[in-house]
Amino acid sequence: MVAVTFRPLSFMPAAMLVLLALVAAGCATSTYVDGETLAQDIPLAREQALEEDGIRATVEVPTAASAARVFGLQFAEYGIQPILLRIENNSDTDYWLLPNAIDPDYFSADEAALAVGSGLPAEELHNLRRLLRANALPFFHPAGGSRQGYVYASYARGGRFVDVVLSGHRSSVRLRFAVLLPTEGFDYEYSQLRERYAKLEELPDLDTDELRDRLAALPCCVTNEAGDDTGDPLNIVIIGHAPEFVSALVASGWQFTEAITADSIRRMLGAAIAEKEFLTAPVSALYLFGRRQDVAMQRGRSNINQRNHMRLWLAPFRTEGRPVWVGQVSRDIGVKFTSKSASLTTHVIDPVVDESREYLLTSLLHDQSVERFAFVRGVGRATPDAPKFNLTDDPYFTDGLRLVVWVSSEPVPPGFADNLGWNDSTDPVLEGRGQYSVVPYEPDDPPEADTSGEPDAPREPPGPSTAPST
């Protein structure tokens, strides 16, 4: 018989953020940085711990290789990712862990054992089941106690959101973690963002009024590498430190994109031919501030041809001490052939780009990650009858606004997210019908050329709102 004891961790702690420039044609010249180094320079801790109301939770997520070294089992090949949790209950309340918050599709210990050990002899399988049971995290956490163990979650590549929710008598505690995992295949392992983020304190620090003017003065759109042609509109701004905005996005279902490599292209083509999902598929490079995007994330569907995706750049200024991330978000709804792509194919975007912008906001509101939000002009209005075009000639139309979101590190119910009321966005459903009556424009404001960089007209902010005014 194999002795069943809790095995100490031997894996390298999971490294955290550096969300990086998408690797397209220039990936060969990008600098590879190992996860250990990234963790030292970007403030997403390798072993993350949070504390609230007497509860301290510590989370570690091993890479696939590390989990194999710890257990001697290839969990990743069977779609399983062990997550180590240590919960110290220093309160006077008994709590129960809600494992469904971590992963509604988590595996029980016996289920995981049968998945990875179905071909083992009966005695070895019996020992494996005892081993995984002994290492599983208990659900009950009594007052004054400290317990640790694994939750056998479904496998996620690149990183994951770990939502630790504990329920007691008329009491609950929620601690949210965003964990990135180095795999030598994701674009965040090839970035110069590390150096830029390290100089964050040197950037100009703007107050809210200065920020509004600066955002309105930004270019309307991304460009190609040469900077001589414009593409998708710069329609989103996210404000928050790396742990805040990564946690908010991952909690809302956004995933990191892989680097463009021979392997990722092979898997992408296979997914396209089979019409299957590729939730971390790479995206091409677009340009702002003279460089390709620093961050790329997406929300994929069951078919690779359909996804929401965004690109973000760290801006050359801060606001109230927090980083500002400027970017574009759009929805891919199909694939087409084009001579403007090295692969001769590209995704087709939904022409109602404001719907994708609103989708980002509502998903963050739904997951209680929004502290404040506003809409600022600067993109330039385009209508269905007079659309603009991106770099691969897809038409799009917009009310001309860009969304600005201050993410919160603490859960904020949607009704308590503060709408600053700079401008009212158009309902994208009505916009698809050609109705723009909600958006206020000055009488002398050209409806299709609002890119001069002039600040928005002053306006008194309304009270709190749960969603954009419609």
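The values are calculated or read from the model by the stated rules, or taken from the named source; none is laboratory data. Predicted model, so just to flag it, every value in this text is computed and none were measured. Counting neighbours? That spans all protein chains shown, and the Cβs are built from the backbone with ideal geometry, glycine included.
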Do any residues in the stretch 94-118 that are over 29 Å from Ser172 (Cα atoms) have Cβ atoms under 9 Å from those of residues that are surrounded by fewer than 18 Cβ atoms within 10 Å (Cβ to Cβ) and of a type in the set (Gly, Ala, Ser), where the two are at least six apart or on different chains, and which pairs are they?
-> Ala115/Gly79
Residue list for the stretch 357-381, restricted to those being polar (S, T, N, Q) and in a loop (DSSP other than H, G, I, E, B) | Gln368, Ser369
Counted residues in the stretch 224-248 being surrounded by 14 or more Cβ atoms within 10 Å (Cβ to Cβ) and at positive phi come to 1
For the stretch 106-129, the count of residues that are of a type in the set (Ser, Thr, Tyr) and either closer than 18 Å to Ala64 by Cα or surrounded by 13 or more Cβ atoms within 10 Å (Cβ to Cβ) (or both) equals 2
Go through the stretch 360-394 and give me each residue that's charged (D, E, K, R) and within 15 Å of Ser330 (Cα to Cα).
-> Lys388, Asp393, Asp394
Subset of the stretch 77-105 [within 17 Å of Asn135 (Cβ to Cβ) and either surrounded by 18 or more Cβ atoms within 10 Å (Cβ to Cβ) or among the aliphatic types (A, V, I, L, M) (or both)] = Ile80, Gln81, Pro82, Ile83, Leu84, Leu85, Ile87, Leu97, Pro99, Ile102, Asp103
Within the bounds of the stretch 335-356, is there any residue that is closer than 20 Å to Ala226 by Cα and either surrounded by 23 or more Cβ atoms within 10 Å (Cβ to Cβ) or at pLDDT 85 or above (or both)?
-> no
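Of all residues in the stretch 382-397, count the ones that are in contact with a Pro (Cβ under 6 Å, 6 or more places away or on another chain), at pLDDT 90 or above and in a strand (DSSP E or B).
Residues flagged as in contact with a Pro (Cβ under 6 Å, 6 or more places away or on another chain), at pLDDT 90 or above and in a strand (DSSP E or B) within the stretch 382-397 amount to 2.
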Just name the residue that is surrounded by the fewest Cβ atoms within 10 Å (Cβ to Cβ) out of those in the stretch 130-151 that are among the aliphatic types (A, V, I, L, M), out of contact with any Leu (no Cβ under 7 Å at 6 or more places or on another chain) and over 18 Å from Asn90 (Cβ atoms).
-> Ala134
Report, by residue number, each residue of the stretch 204-223 that is farther than 26 Å from Ala285 by Cα and surrounded by 19 or more Cβ atoms within 10 Å (Cβ to Cβ).
-> Leu211, Arg212
Considering only the stretch 411-432, how many residues are modelled with pLDDT under 85 and either assigned to a loop (DSSP other than H, G, I, E, B) or in contact with a Leu (Cβ under 8 Å, 6 or more places away or on another chain) (or both)?
-> 5
When (1) closer than 24 Å to Thr398 by Cβ; (2) assigned to a loop (DSSP other than H, G, I, E, B); (3) out of contact with any Gly (no Cβ under 7 Å at 6 or more places or on another chain) are applied to Leu218, the one that fails is (3)
Unmet requirement for Glu201, which otherwise passes all of (1) of a type in the set (Asp, Glu); (2) within 24 Å of Leu364 (Cα to Cα); (3) assigned to a helix (DSSP H, G or I) | (2)
What pairs come up if the first residue lies in the stretch 49-70 and is under 10 Å from Arg86 (Cα atoms), the second is surrounded by fewer than 16 Cβ atoms within 10 Å (Cβ to Cβ) and aliphatic (A, V, I, L, M), and their beta carbons are under 6 Å apart, counting only those six or more places apart or on different chains?
-> Thr58/Ala49
When residues of the stretch 364-402 are limited to those that are within 22 Å of the chain's Cα centre (by Cα) and surrounded by fewer than 23 Cβ atoms within 10 Å (Cβ to Cβ), the one nearest to Leu215 (Cα to Cα) = Arg372
